[in-house]
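Note sheet for the following structure.
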2 protein chains.
Amino acid sequence: MDMRELYELRGSSPEVLFSPYCWRVRLALAHKGLDFVSRPVRFTDKEALAFSGQTLVPVLRDGETTVHDSLAIFRYLDERYPQPSLLGGALGESRLRLIDRLIGQDLRPALVRLLLPRVLASIDPPDRDYFRQTREKSLGMSLEAFADRDAGQAQLARALQPLDAMLKGQSWLDGAEPAGADYLIGGFFFWAWTLGEQLWPGDSPTGDWFRRLLAFCEERQGAVRRATND
Amino acid sequence: MDMRELYELRGSSPEVLFSPYCWRVRLALAHKGLDFVSRPVRFTDKEALAFSGQTLVPVLRDGETTVHDSLAIFRYLDERYPQPSLLGGALGESRLRLIDRLIGQDLRPALVRLLLPRVLASIDPPDRDYFRQTREKSLGMSLEAFADRDAGQAQLARALQPLDAMLKGQSWLDGAEPAGADYLIGGFFFWAWTLGEQLWPGDSPTGDWFRRLLAFCEERQGAVRRATND
């Protein structure tokens, strides 16, 4: 039997897996009912990914096939294991990519602002240097200048409004059952959660949805390990 | 043969049709290749809609069936005339509703801010009173306090970023062919256009997309009439 392996980001502890993009793939594998062996790697463990021809997680190795990038992995999984669908075909994939772009304006930067100190506290020194260099380059400023708890909370509150509005009327973002949109967006919430935070109101439609998504995941893949919140 | 009628919002001129939600339905009818008779009504022509049991356009009357609300009309059209699909099934509809919520945070309010004076100039006095009362109630402030060209342009520039990013890589928001997401979002751009404005850069991926969408519409339904921009 071929082995299925997921290369995913680890902190100082190999059991704390906090990349939002890797969580998307974990949730997608749960959706398909597929087992896998976790291969946790640090930001700077580039040699562990050399076989994939690039340097970023998530990477899924499925028998002879290697795929990277969370949405490319969603597409691969739908082609190789069609049911239940993650993307809902080409039109569903295109809408998911648009949702990802739209979510990228508030939810992702809000969480970056709020989680930066927690990421730095959860990784080893060489990863801290790597993380600082790469993120400061893409942010165009120092991590300290970007991190801002009040601004982050205000931006997060804004990002939660459309999600709360959707989840007032239905259990999952994709309707009566969870699918690609739930995992794409859910990955961001797992990121905060695994770093030891819950930054959104628990008694809200989005808070209820996150608890359902966490239960869905833990039933299939075991307890989600969180960084200790000291 | 049964008659198909679209009740849609008109300005002082019956030929200037500027409701974003009515444009969604016009574009959806073009998508399905369906003819219809336009029934332009003013904001205050409530008696013209009495048959539908409610007071807002768009209303589609298709033989014995009456449907209101743009996304409900999309669903009706997909059920009655399945190909080519607008929604892409239940999952596609759910994602479209999420896109609508996300777009509602910047694109819609940005255009409201920018277009308020133009709307007031394009409608008859009784409609002006109605428009002011209903919009001031939902905005929680006077139209004059909300209208703000600089703030609107900044918010619009933000709203265009994810659309430009999507449309750099593909011709339509829904992929290789236009579908529901193009018409849902396109309706907002027709709103500005029919009021005599073009508020976005013409030489941008979104500007190119709008021109394609306008051509798609005009090929099927004739020239789009615009308010004179005096």
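Every number in this text was worked out from the coordinates using simple rules, so none of it is lab data. The structure presented is a predicted model; accordingly, all values stated were derived computationally and were not measured. FYI the Cβ positions are ideal-geometry reconstructions off the backbone, even for glycines, and counts take in every protein chain you see.
The table below gives the values:
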quantity	calculated
Partner aspartates and glutamates for B:Lys137 [C-alpha distance under 14 Å; skip if fewer than 8 residues away on the same chain]	B:Asp129
The range A:1-92: mean projected area of Cα convex hull, nm²	6.0 nm²
Where only C-alpha atoms are counted, convex hull volume of the range B:127-193 per residue in Å³	121 Å³
Extension gain from A:Asp208 to A:Gln161, taking 0.36 nm per residue of separation minus the Cα-Cα distance	15.5 nm
Angstrom value of the Kirkwood radius, inverse mean 1/r, which spans all Cα pairs in the range A:4-221	17.8 Å
Teacher prompt: B:Asp35 distances to equivalent labels in other copies, 7 Å Cα→Cβ, nm	6.3
Label-to-label distance, nm, for residues given as A:Ser171 and B:Asp129 (7 Å Cα→Cβ offset)	5.1 nm
Gained length - A:Glu47 relative to A:Lys137, 0.36 nm times residue gap less alpha-carbon distance	30.1 nm
Proxy reagent accessibility, fewest Cβ within 10 Å first, across A:Asp208, A:Asp62	A:Asp208, A:Asp62
Under 14 Å from B:Lys46, Cα to Cα: aspartates and glutamates that are on another chain or at least 8 residues apart	B:Glu8, B:Asp127
Shape parameters for the protein assembly as shown, alpha-carbon atoms, Rg then Dmax in Å	24.2, 76
Residue exposure sequence - A:Thr194, A:Thr66 - by fewest surrounding Cβ within 10 Å	A:Thr66, A:Thr194
Order of B:Ser142, A:Ser122 - criterion: other Cβ atoms within 10 Å of each residue's Cβ, fewest first	B:Ser142, A:Ser122
Candidate aspartates and glutamates for bridging to A:Lys168, where Cα separation is under 18 Å - those fewer than 8 sequence places away on the same chain excluded	A:Glu177, A:Asp182, A:Asp203, A:Asp208, B:Glu93, B:Asp100
Separation between Cα centres of the range B:65-98 and the range A:175-213, rounded to whole Å	27 Å
Percent of alpha-carbon pairs separated by more than 15 Å within the range B:58-120	63 percent
Relative contact order, percent, chain A [alpha-carbon distance under 8 Å, six or more residues apart]	25 percent
